[in-house]
Amino acid sequence: MNYAFPLLAIFIWAGNTVITKMSAGAIFPAEIGFYRWLLAGLLFTPFLLRPLLRHWAEIRANLGKIFVLGVLGMAVYQSLAYFAAAITSATNMGIILSLMPLMSLAMAILSLGQRLTFGALIGAVVSFVGVLVVVSAGDLGALLQHGVNGGDALMLIATLAYALYSTLLKKWQLRLPPLLLLYLQVLVAIIVLLPLFVLSDKTGLGPGNIGLVLYACVLASMIAPLAWMQAVSRLGPSRTTLFFNLLPAITAVIAAMVLNEQLALYHVFGGLLTLAGVVLAERWKTPVRPAPLTAPQP
């Protein structure tokens, strides 16, 4: 039963990658990004306004950190994904997003003092080659000649932003209830995305896009994070993170079924390389440099 929580979250997030792709042409990126968080904020407020007031002293002391987390994890990451969806496939987006655990590990080594392992070093190279295969559509020569597709580049930046968000979340260890912290970041996203929403073109909500907004808001922004939090509390962060490796495969299957995206050989080969690199980084823990010997204490 415990495994149902991370699996539910991963299936919802994989579906949301397809929803993001479906939103291209149905609603402007700035619109769905803003409506998503605005609706989530309205739905959360009746349940979390009182906890917000109760923890206000601690919230006020960490407003700057909460703002940075909200900008990176909610506003920048998902907004860039909506813009990327117009010029790349959902399958590519899912494979690129699977780099996130490896990026987070690299940042933890650089900023949190985590020791560099052979798995992290070799896994980074293997995953990088895998992503190169995907973004070049299996033709590395064409990649050198024409560069990276704009949508893939945006998705790489979005994934990097979320990896930085995850690293800062671990580094700062804010002592707030997880659901309240999520709510505060949603409020930050609403504030940050409001100017972009006001200045952008509008499609307006209608039968052709309201379902996309509701999925992104209720399922991807509320239910999936709650399921993931339950998974972390029941299984621990390390075991839960392993389920993230399923994301590219599930995304590719849903994209093939819903969007009729063709799963090419380079998707399979590049996706397997990316996955292999992440698994190497997570499972091969031999440090590159042994721990320094310390003199025995008298």
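The values are calculated or read from the model by the stated rules, or taken from the named source; none is laboratory data. As the structure is a prediction and not an experimental result, all values here were calculated from the model. No Cβ is skipped: glycine too gets one built from the backbone with ideal geometry, and neighbour counts run over all protein chains shown.
A few remarks follow.
- Checked against (1) under 21 Å from the mean Cα position of the chain (by Cα); (2) among the polar types (S, T, N, Q); (3) at pLDDT 80 or above, residue 238 meets all criteria but (3).
- Output for the stretch 18-35, where each listed residue is outside any helix (DSSP H, G or I) and touching a Ser or Thr at 6+ places or on another chain (Cβ under 8 Å): 26, 27, 28
- Checklist (1) more than 26 Å from residue 44 (Cβ to Cβ); (2) modelled with pLDDT under 80; (3) not charged (D, E, K, R) applied to residue 251, failing item: (2)
- Considering residues of the stretch 148-184 that are β-branched (Val, Ile, Thr) and in contact (Cβ under 8 Å) with a residue 40 or more places away in the chain only, the residue surrounded by the fewest Cβ atoms within 10 Å (Cβ to Cβ): 157
- Leading residue by the ranking (surrounded by the most Cβ atoms within 10 Å (Cβ to Cβ)) among those in the stretch 270-291 that are more than 22 Å from the chain's Cα centre (by Cα) and not hydroxyl-bearing (Ser, Thr, Tyr): 284
- Residue match in the stretch 102-110 (condition: over 17 Å from the mean Cα position of the chain (by Cα) and part of a helix (DSSP H, G or I)): yes
- Selection status of residue 80, buried (at least 23 other Cβ atoms within 10 Å of the Cβ), at pLDDT 85 or above and part of a helix (DSSP H, G or I): yes
- Conditions (1) surrounded by 15 or more Cβ atoms within 10 Å (Cβ to Cβ); (2) farther than 19 Å from residue 42 by Cα; (3) touching a Gly at 6+ places or on another chain (Cβ under 9 Å): number failed by residue 220: (2)
- Any hit, the stretch 200-210, residues being crowded, with 17+ Cβ neighbours inside 10 Å and in contact with a His (Cβ under 9 Å, 6 or more places away or on another chain): no
- Residues in the stretch 133-145 that are modelled with pLDDT under 80, over 19 Å from the mean Cα position of the chain (by Cα) and aliphatic (A, V, I, L, M): 137, 140, 142, 143, 144.
- Tally, over the stretch 248-262, of residues that are outside any helix (DSSP H, G or I) and under 22 Å from the mean Cα position of the chain (by Cα): 2
- Within the stretch 167-220, the set of residues being in a loop (DSSP other than H, G, I, E, B), of a type outside the set (A, V, I, L, M) and in contact with a helix residue (DSSP H, G or I) (Cβ under 9 Å, 6 or more places away or on another chain) comprises 175, 177, 200, 201, 202, 203, 204, 209.
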